[in-house]
Structure formats: C-alpha cells, structure tokens
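None of the figures in this text is laboratory data; all of them are computed from the coordinates on show. Remember, predicted model here, so these are calculated numbers, not experimental data. Ideal geometry is used to build each Cβ from the backbone, glycine not excepted, and the neighbour counts take in all protein chains shown.
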Amino acid sequence: MPTTSAVGRVAAIAALIGAVVVVLLLVLGGGSSYTVTAEFENASQLVTGNNVNVAGVPVGSVKQISLSDDGQALVEMEISDSAYTPLPEGTHATVRSQSLSGIANRYVDLALPTQPDGKNISSGGEITQADTTSEVDLDQLFNTLDKPTVGHLQEVIRGFARSYDGVGAKANRGFYYLNPFLSTSRRVFSELNSDQANLEGLVVDGASLMSTLDARSPEISSLVANLDGMLGTIGSEQASLASAVSQLPDFMRQFNTTAVNLRAALDDLQPLINYTRPVARKLHPFAKRLRGFAHDAVPTVKNLNQVINSPGDSNDLIELTRLQDPLAQIGVGPVDRNGASRPGALPASADSLRDSFDQVSTLRAYSPELTGWFDDFANSGKADAFGGIGRIAVGANEFSAGPPGIPCPSQLDAIGGVCKVLNPAQLLAGLGIKNMRRCPGSNERGLTSDQLTQGGTVDCDPSEVPLGP
C-alpha cells in the first residue's frame, strides 16, 4: 500500500512539471509574433483587445495604442493568423463600428490589395496614414453644425417622433425588413464606388438613353397606349388565361425533355451557323427586298388559306389529303376484293414487272427489227446517184420449210438460195423449228458477233446473214 502511494505522488509531480513546460513553451517559445503599427488620424474609440478583421474574419487583435510626436494615433496590431502574415504593401486599415451604437465597439478592418506588387510589410513595420481611415463619430458631425441648425435638427427629430406616434409597432415591423435592404445596399454602393470608371460610363450612357427616349416621346406614348390596350385585352380573358396557367406546368414538364434534346441539336447546329455567318451578311440586301415581297404576298396567302381550308364538303386541300388514306390502302394493300384478301395495286404491279423480265429481255433483242418496221411506213429505202433504192429481205427465224438432208443443186448452193421442195411429202418432212438460227438485227450490215448475240445472252448463229452487200 505505501508503495502504490509513492508511485502516485511521483506521477502527479511529473504531470505538473509537464504542464509547466507546455505553458512556458506557449508563452515564451514558438517564435516571435507578427506585429504591424497603423498610423490613424484618431483612434476612434479603439481599445486594446479590439478585433482586427480581414473580409469580416478575425485574424488578430489590437495590442497597444499610443500617441505619436505629431499627435497621430499609433495602433499596434498583432496578426495571429499565419495565413495573412506578412501583410502585403498597400494594405489599407479602416476603423469600423461593430453596431450602430455603443462605446468601444470598434474593430480594425484590413483591406488587402487586389494586385500586390510582391513587397511585404515586415514584422514591426508601419502602415502610413495614407493607407488608413478613421471612424467618423456622430458627435463630430454635430460639432460642425451651428446652433440654429442644431435647433432645426431637433425640431425634425421631434417631428419624426410625432409622425411615429401610435404606429410604432408597424414601423418596427417595416424596419425589420428594411435592415437587410440597407446592409445589402451598402455593399452595392461599395462595389459601385470601387469601380468609378464604369459607374461614370453607366451614368453617361443612362443620360444618353434618356435623351434618346425624350426624342422619341411620341413613339413611347404610342407604345404605352398599345401596352395598355394589350393588357386590357389580356385582363378580359381571365378564364382563358387561368386555363393556360393551369396547363403550363404539364407543358413545361414535356418541354423539359424537348429542351434537353434541343441542347444537343444546338451543338450540332453551331458548325452550320459558323459556316453561314459570312453568307448571312450578304443576304441583308436580299432580306430587305424580301420585305416588299412578303407584303405583296399577303393576298396570295389569304387565297391559299381558302384553298387549304374552305367551308363546305370536298372542296379544299385538307379534305383531299384525307382521301389519300383510302387510296394508300388500295395501293399498298392488302385489300378484301371478290371474297378474298388480295395484295395492293403497287405490290401486284411490282410482281408483274418482275415476272415479265424474261419476255422483255427477249423482246429487247428484236428492237432493231421493230424500229425498222415502223420506219418502212414512211421510208423504205434511200436515194443514190441513180435514184431511189430500197433493200427488202425476208427472214424466218423460228421455223422454215425445206427438205432436210437433201442437198441443194450446186448452182443454188453457190448463191445461197433455198432448195425447192420436190413434193408435198418432202415439204411436210421439212417443216420444223429452229432450222435457221439467225440473230436478231442480222438484217443490218456491219454488226459484230458480240453485238448480234447481245454479248452472248441470245442463243443464235451470227454467221447467218441475208444475201447481198
């Protein structure tokens, strides 16, 4: 038991020594703090311990306030937040109030330069009076007024008191909402003051705008009158307007999907716009002339409206379009006709043309003979030095009569003639098909074998040609 007590006393002494060491390190060790002295025209009720803020965030405190040899207030500030040390040159220090009223409720606001030049204020350095702004107290303002002015001001204040007599609760309610407006307005005017060049440009442009509007006062009066008539017309359609407003949410839900898809379409449309931009500038004279054309086209469009939609039955384009459905049904099919389901006119025509390919291809080879036959109705020959001449030939391809196996006399064979049939029996025996395999168009001279056989697609003998040159 005594041993345990001794160990406890030793542990307590060691803990006490450790705590003392930590306190000494915090108080004496850890490096020197960063301080900077700002020179103000007056201390503006600052006291030791007031906050030093940057953008509304405390970064340090007022360490000491003293008086310089020339009567200026020297405010020594200790910056404890290492993120803002050292301060850049050009830092502006301003004494501000924590609230609208109070004593010693001030703080120092540091405005860091937006474009620092890379130079810093070392620890123990100074911010000159050129970069400081003191707080202006209300009594300083009153001290600038003479006694009659102060008396009149008191009367104004008493008048305010009489005007708010009995309506204090409502006024307080209004001030409750006025406070955010005033605070935000202060920030707005601070931003405006920070960019005076743009503010001056805005004022000048506003004055120019007002001058232009004043020069167009008749047009503006007409615009206001037309707006009044338009809004009156809209007000007279309250039921329709209420219906439109009730349908608007559903429309917006559907339009949301359309707008998402439209975004991709606009991305695809951007290259087209880039390519057409040079052409669009050249279209300006054309568009100017197009205005006159559009004005002259108004009667035509009105007449076209009657063609598209006219009172009565079967007398406009819309009703003609409705008749296309039965016609399309008959053309495409299938349709029920004569007790059976039959294909439409278009599929049946396609099948008919497909089945006639063989016949058409065979007939195609005989087109020279067909055109020559038509030509003979007008001209059966041509003229030469001795007068008109003509060429007449008879050809029988598919069948011919002749004595098969009976050789022709030598004199007929020499000139390519046809042998005579000796008797009816031989005539009947000689009847047959494809005894001659003359090619289509062989009546024409000078054609090659490839041309006569249509590239080998027609089964015929190109050597069988008529007599004569």
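Say the dipole of the stretch 147-207 comes from +1 at the beta carbon of Lys and Arg and -1 at that of Asp and Glu; which of Gly159, Leu199, Gly174 then lies farthest toward its positive end? Most positive-ward Cα: Gly159. Local charge for Thr257 was computed over the other residues whose Cβ lies under 15 Å away, with Lys and Arg +1 and Asp and Glu -1, and equals +1. Of the trypsin sites (Lys or Arg not before Pro) in the stretch 76-131, the ones in a loop by DSSP (not H, G, I, E or B) with at most 16 other beta carbons within 10 Å are Lys119. Placing +1 on the Cβ of every Lys and Arg and -1 on the Cβ of every Asp and Glu, with nothing else charged, gives the stretch 147-207 a dipole about its Cα centre of roughly 520 debye.
Taking 7 Å steps out from each Cα toward its Cβ at Val298 and Val167 produces label points 5.4 nm apart. Sparsely packed loop sites in the stretch 150-202 (the GluC sites (Glu not before Pro) outside DSSP H, G, I, E and B with at most 13 other Cβ atoms within 10 Å) do not occur. Among the chymotrypsin sites (Phe, Trp or Tyr not before Pro) within the stretch 106-166, those in coil by DSSP and having at most 15 neighbouring Cβ atoms inside 10 Å are Tyr164. Tell me whether the stretch 230-293 comes out rounded, prolate or oblate; compute the Cα gyration tensor, take square roots of the eigenvalues as a ≥ b ≥ c, and use a/c under 1.5 as the rounded threshold. Judged from the Cα gyration tensor, the stretch 230-293 comes out oblate (a/c at least 1.5, b/c at or above a/b).
Residue by residue, the stretch 326-332 carries 3J(HN,Hα) couplings of x, 5, 5, 5, 5, x, 8 Hz when phi is fed to the Karplus relation 6.51 cos²θ - 1.76 cosθ + 1.60 (θ = phi - 60°); x denotes Gly or Pro.
Per the Debye calculation on the stretch 289-332 with a single equal scatterer at every Cα and no solvent contribution, log₁₀ I(q)/I(0) for q = 0.25, 0.28 Å⁻¹ amounts to -0.82, -0.90.
Rounded to 0.05, the FRET efficiency of the Ser97 and Ala215 pair, given R0 = 41 Å and the Cβ-Cβ distance, is 0.30.
If you look at the Cα atoms of the stretch 61-204, you get an Rg and a Dmax of 20.7, 60 Å.
Between Asp358 and His284, the distance separating the two model label sites (each 7 Å from Cα on the Cα→Cβ line) works out to 7.2 nm. For the stretch 34-138, the share of DSSP beta bridges that are antiparallel, to the nearest 5, is 75%.
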